[in-house]
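The structure under discussion appears below in the form of structure tokens.
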Amino acid sequence: MGIFDTIKEKLSNEFIDIIEWLDYTDDTICHRFERYQNEIKNGAKLIVREGQTAVFINEGQLADVFKPGTFTLTTENMPILATLKGWKYGFNSPFKAEVYFVNTHLFTDEKWGTKNPITLSDERFGLVEIRAFGTYAYRISDAGKFIIDIVGTDNNFTNFEINEHLKSLIATRFTDTVGKANLPIELYAANTTELSETCKEVMKPEFTSVGIGLEKFFIENVSMPEELKKEIFEYSRIDKLDLDKLTKFKTAKAIEAAASNEGGTAGAGMGMGMGFVMAQQMGQMMNPQGTGQAPQPAAPAPPPIPIAVQYYYASNGQQMGPVTMEQLSALFANRTVNRDSLIWKQGMAGWTALKDVEELKAFLGGNTPPPLPGA
């Protein structure tokens, strides 16, 4: 080899480029390789590390995509770019093209949440509001599509720039999914795993359409107003109890509370009533048979015990019952029935709304007696 050949080879080696990207951050998704006028010389070395993908863009058009490895850039390994450039018999350096390095590692523990409460319609509790939050993980699955649809000409695209878009997308699809699920409100918090999987499958196509793969999606918490929680807990307890026993229990508690209210009119009246009952019982105990006292006239026989009226009610398009008035009152209290629920009993011509049944209007309130005469 002559001296001129040695000098020529040395100069040629000096002009061979090394195209690579060393990522020193945790949040960069896409980085454009910067060089003077974007010129790349024939035989340049392209180094793509694990967790990266290199994408060549020619005048705004997607060209060749390189997975991890080391490549010597020639027409053989750049077929798309060669076609776009019109290289039929190879090429002479330099040529111009933009090179983007895309970070394809998994971005984990990304936060999402509903900015505003989600309004849902529940059969028992009416319109209710819930909030939800959790985490998700994603990676770039199609680097070329991601650059064309999302990155554009940004020379350093970060995780922060895409996060707001993804969180808005998740919140929208989550709202749609829970709205269509039509679960009883108390089951959302108890079924977060199944709901998470359902939401993930619904959202995947949206992510894929822009070159992003949704790898994981978790709902960590579904919250609701405290007063609604209390109603749900109360309803769950009532649902496990015998309604007739519950009504009797609450009546006994109301009598006890009224009797203990010595300063109130209701308490005084209740106390007097209980006093009369106790006095009557004590009189019977102190007047046993054979005391020599004149026998008391026999008390008239009481009338026969009236037969309790049985009511039927409609719930979710089905006939339910029969129930007593006390049980129906408890059902009204826990919102199983309402003022517009259809009611029927023996003797009625047809089904009638609860609010139009005379003896049931007391459920609706407004049962205050008129003032006493002369008051």
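Throughout, read-outs are computed from the coordinates displayed, never taken from laboratory work. If you're wondering where the values come from, they're calculated on a predicted model, not measured in any experiment. Here the Cβ is made from the backbone with ideal geometry for all residues, glycine too, and neighbour counts use every protein chain on show.
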Residue-wise, which Karplus ³J(HN,Hα) couplings in Hz belong to the range 326-337, taking 6.51 cos²θ - 1.76 cosθ + 1.60, θ = phi - 60°, and x for glycine or proline?
-> 5, 5, 5, 4, 5, 5, 5, 5, 9, 6, 5, 10
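Order these peptides, 205-216, 129-140, 68-79, by their mean beta-carbon neighbour count within 10 angstrom, highest first.
Values: 205-216: 16.8, 129-140: 18.6, 68-79: 14.9.
Order by mean packing, descending: 129-140, 205-216, 68-79.
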Interchain or sequence-distant (5+) residues whose placed amide H lies within less than 5 Å of the amide H of Asp17 are Lys41, Ala44, Lys45
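Shape verdict for the range 152-216, please, from the Cα gyration tensor: rounded (a/c under 1.5), prolate (a/b greater than b/c) or oblate. Each step should come with its number before you reach the end.
Numbers: a/c = 2.88, a/b = 2.60, b/c = 1.11.
Taking the square roots of the gyration eigenvalues as a ≥ b ≥ c, the range 152-216 is prolate.
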Cα point-scatterer Debye curve for the range 309-364, base-10 log of I(q)/I(0) at q = 0.24, 0.29 Å⁻¹ | -0.94, -1.47
In Hz, Karplus ³J(HN,Hα) per residue of the range 340-349 (6.51, -1.76, 1.60; θ = phi - 60°; x = Gly, Pro) = 9, 5, 7, 10, 8, 9, 4, x, 7, 5
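Where a ≥ b ≥ c are the square roots of the eigenvalues of the C-alpha gyration tensor, would you call the range 107-229 rounded, which needs a/c under 1.5, or, failing that, prolate if a/b is larger than b/c, or oblate? Walk me through the numbers on the way to the answer.
On the way: a/c = 2.63, a/b = 2.37, b/c = 1.11.
Because a/c hits 1.5 or more and a/b exceeds b/c, the range 107-229 counts as prolate.
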In whole angstrom, note down how far apart the Cα centers of the range 307-324 and the range 326-340 are.
-> 11
What residues qualify as long-range amide H neighbours of Ser141, i.e. H under 5 Å apart, gap of 5 or more or another chain, H built at 1.01 Å from N?
-> Ile212, Gly213
Local electrostatic count at Asn163 - Lys and Arg +1, Asp and Glu -1, tallied over other residues with Cβ under 10 Å | -2
